[in-house]
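Here the structure comes first, spelled out in structure tokens, and everything after it is commentary.
The numbers here are math on the coordinates, done by the rules we state, and not lab data. Nothing here was measured: the structure is a model prediction, and the numbers come from that model. Cβ: placed from backbone, ideal geometry, glycine included. Neighbour counts: every protein chain shown.
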Amino acid sequence: MNPNSVPLVVSGLAEIVCPIPECSGYLAESVVLAHLASENVAKYKYFLELGRLDSGTKTCPKCSLFTSLKGRAQPTQNKDEPKYKIQCSKCELVWCFRCHAPWHDGLKCREYRKGDKLLRNWASIIEHGQRNAQKCPRCKVHIQRVDGCDHMTCRQCNTNFCYRCGEKYRQLRFFGDHTSNLSVFGCKYRYLPEKPHLRRFIRGSVCAGKVLVAPVLIVLVVVIGALALVIGLVAFPIYYICKKNKHPNGMGRWLC
């Protein structure tokens, strides 16, 4: 297998052309799998299944599990509900197969999309210095803040995020957290919100400086620790010998 085929798999191409110039065929699935690294096997299988999808198979909007509509119909009064109402067997999300959205009980897909658009427009409106609502970055549920700080916790998926910018809370002690002005994980509204390019440059420079300084600090700490250990190993025996050979008259005179 041609090594240049690996980037094709990673980029989403499931059908790999034979590398032999005289051949216009495609490599067999077993051949591709035999030459792929373990971290790319799952991607290749996913793209392969994605290429084989028909109108009766879709992926779960939350966990991307392949779900087929065949054999899921259940006899009820509403013919549309049992046919298009799907509950994912992996993440247990109940969703609509027709519009690929969370299940909208009592609403047609068109009505739901219209209402969802109105909800997004309403949520983005700034009133009293804040958005009407913010979407959870993980489960996409809109959350409205009544009072309190910008640190929000979604009740549905327990994701911690910032109400002002909608980003997840990320924290590395050495690089700072979402509340740090100069951290790459900091909120974009906390530091130079009107100058995004300057903000990214400053935060990136600070981050790069920390990355460069960190090895120096580690080496310095190791050297100081090693010197302290050597001094201790040399000084302690001398101290012990001097204390042991102390003059017997008790006047505190040292023989060394």
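Here are a few things to note about the model shown:
- Over 29 Å between alpha carbons, listed pairs 62/195; 90/188; 45/114; 90/140; 114/188: 62/195; 90/188; 45/114; 114/188
- Listed peptides 115-126, 58-69, 176-187 by packing density, highest first (mean Cβ within 10 Å): 176-187, 58-69, 115-126
- The 3J(HN,Hα) values that the Karplus relation (6.51, -1.76, 1.60; θ = phi - 60°) gives for the range 104-113 are, in residue order, 10, 5, x, 10, 6, 4, 5, 5, 5, 4 Hz. Gly and Pro appear as x.
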